[in-house]
Structures are given as structure tokens and as C-alpha cells.
Amino acid sequence: MNGKIIKGIGGFYYIKTDEGLIECKARGKFRHKDIKPMVGDDVTIKMENGKGVIEEIHTRKSQLIRPTVSNVSLAFVVFAVRNPDINFDLLNKFLILCEYNNIEVIVCLNKIDLVSEEEREEIKKRINVIGYEVLFINAKKGIGIERLEEKIRGNITVFCGPSGAGKSTLINKLSNKEHMETGNVSEKIGRGKHTTRHSELIDVADGYIVDTPGFSTLEIKDLMDKNSLKYCFPEFTQYNDKCKYRGCLHYKEPNCALKEAVESEEVNRYRYEFYIRALEEIIEEEKNKW
């Protein structure tokens, strides 16, 4: 029968099927091929002597390493507007990660009661202009939860963003239970204190959400090569093939359509400058590898 892995602990995988939840182990052939089942995998299983065995892992549509989960189709990138203040460089890193993995993004701005409506709209505009939808939420008060449920339907949704932004509080609200331990934000370091030891899928609103422990920092230079980065900026798309030189990195090359668009303010200068900083990090990393 077919099913989906919703949890994996210590070599055992829990598969949601039409027959209910079935505990399985993976066939040895996967280990020999260096393939490990992941939470989110669609699988075919077989019952042998009353025990479940994973026979086949279906083709993955996407794959994340941290958290280890497959077939994610939507990401809620959660940032607090205050406590801690929104870090746009870090936001850009999460957006790039999602684009690199072909995951649709919705930016969720939490703790909206801590800023004025004018400040909220200014932040929203700054994110809308680069092509991303923004939802205002208050995780503790449950404001905006219905909109999130609408978006979750039919998707495997991952929550990412810095610690202390309210990811675990949102998961608790959406799952109607204290699914994750939550900790107050440390005043000294401005980060959340909780950790959770494994990822799993939680049934919510005819879809799934993924518990994403520790998913708070990442380095772009470890994710991709220099030629891939420009494709992670949706607003660059219309310019990528208009430059004089094929394969232009929009860096030091002359007659670059993107740089011209930045100068004419058709492309956000801050995003372009972030792109250049990230590109230089990747180039330096590639030099070090040689």
C-alpha cells in the first residue's frame, strides 16, 4: 500500500496510509544505495509477519537538509517585527533557500501589536516590491491563523525564520495542542531557547505542517555555486538573458541589463547589493576549495 512518512525516530518510520498509521523499517537495499527515507516521502510499503517494510520511495519534488524533510511545497518565513527586530539580510537568506528548493514563499510578520500600522505597511511594502506575499499575524493571540490554514490546504508547509520569531507558538495554535516546547526570548541574546529533536508532519487543515527545530541560521555559500544564485532572485528573471555576455553574473561584466535596471530603480538596490555580497562569499568559498 502507499502512504506518507510523517515521522522517523531511531530507524523506525511512521507511515500515514488509508489503513491508518503503520510503523515500518526500511529495506536494507536503501542503506546499500546510501538512500535514507525522509519525513515527507511518499512511499510504498508491504506487510511482512505483521510488520511494515518500506519497499519503494517515490520521486521527491523537493528536499531540505535542515530540517530533513521532502516534498515541501510552501514555506512560511516567519519574522517578528520587534523583539527581535526584523533582520532583512537574514530574511533574504531564507528567501534564497526557498527559491533554491523551488518552494513557494509567504512571509509572515509576527508580533504586529509591537509596531504602528504605518511601520507595518512600510515593512510589507518593502517585501511586496520584491515579489513576496506578506501576512500579518499575532501568534499568541491567534490573529491571522485562519489565513494560514487557507494557505496550508493541500500543501506540506515548512516554517522557517530566526529563533524567537514565534514559529513554535504558531505550530501550537495551528495544531490545537502544545506540540512543541516554547521558551521565552532571552533578553540578553534576543533568541528563543527551545529545541526539538526530530521533525515530523502534523495534520492541519487538509494539509501538513513541518516542525522545524533549530532552523534559524544558514550560509548561502554552503548551498549553491555562483551560477545558481541569480536564479534565486525572482525580480532578476526578466534581465538574466538580456545582458551582452551569456552567463553574466551581473557582477563586474560590462553591458549588464540587471545593473542598468538597478541604476534606473527598476530593481531594488538593497537586494542587488545583498546579491553581490552573497556572490562574493560564494566566489571566495569556491577559491578556498581549490
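Table for the structure above
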item	result
Carbon and sulfur %, accessible surface of the stretch 50-188 computed with the full protein complex present, 1.4 Å	43 percent
Summed side-chain charge close to Phe236 - residues other than Phe236 whose Cβ falls under 10 Å, Lys, Arg +1, Asp, Glu -1	+1
Among Val43, Val210, Val158: highest mean-square fluctuation, GNM of the chain, C-alpha pairs under 10 Å	Val43
Cα centroid of the stretch 242-286 to Cα centroid of the stretch 56-128, whole Å	23 Å
q = 0.23, 0.29, 0.30, 0.31 Å⁻¹, the stretch 105-162: log10 I(q)/I(0) [Debye, one scatterer per Cα]	-1.05, -1.33, -1.35, -1.36
Calculated FRET efficiency for the pair Glu146/Leu114, C-beta based, R₀ 30 Å, to 0.05	0.90
Amide H partners (placed H, <5 Å) of Glu55, local residues excluded	Thr44, Ile45, Lys46
Intensity falloff of the stretch 1-154 expressed as log10 I(q)/I(0), Debye formula with alpha-carbon point scatterers, at q = 0.12, 0.19 Å⁻¹	-0.66, -1.09
Gain in span if fully extended, Asp85 to Arg269, counting 0.36 nm per residue against the direct Cα distance	64.1 nm
Two-site label geometry, Asn128 and Glu286: point separation in nm, points 7 Å out along Cα→Cβ	3.7 nm
GNM top mover of Lys51, Lys16, Lys61 - the chain, alpha-carbon springs below 10 Å	Lys51
The chain - Rg over Rh from alpha carbon coordinates, Kirkwood radius	1.01
Kirkwood-based shape ratio for the stretch 208-290, expressed as Rg/Rh from alpha carbons	1.05
Within a Gaussian network of the chain (alpha carbon springs, distance under 10 Å), most fluctuating of Lys244, Lys151, Lys25	Lys244
Full-extension gain in nm, Asn227 to Tyr251, via 0.36 nm per residue minus C-alpha separation	7.5 nm
Net charge of neighbours whose Cβ lies under 15 Å from the Cβ of Ala257, counting Lys and Arg as +1 and Asp and Glu as -1	-1
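The values are calculated or read from the model by the stated rules, or taken from the named source; none is laboratory data. As the structure is a computational prediction, the values presented were derived from the model and not from experiment. In this analysis, Cβ positions are derived from the backbone assuming ideal geometry, glycine residues included, and neighbour counts consider all displayed protein chains. Quick note on the areas: whole protein, heavy atoms, side chains included, nothing else; ligands and nucleic acids left out. Shrake-Rupley method; radii C 1.70, N 1.55, O 1.52, S 1.80 Å.
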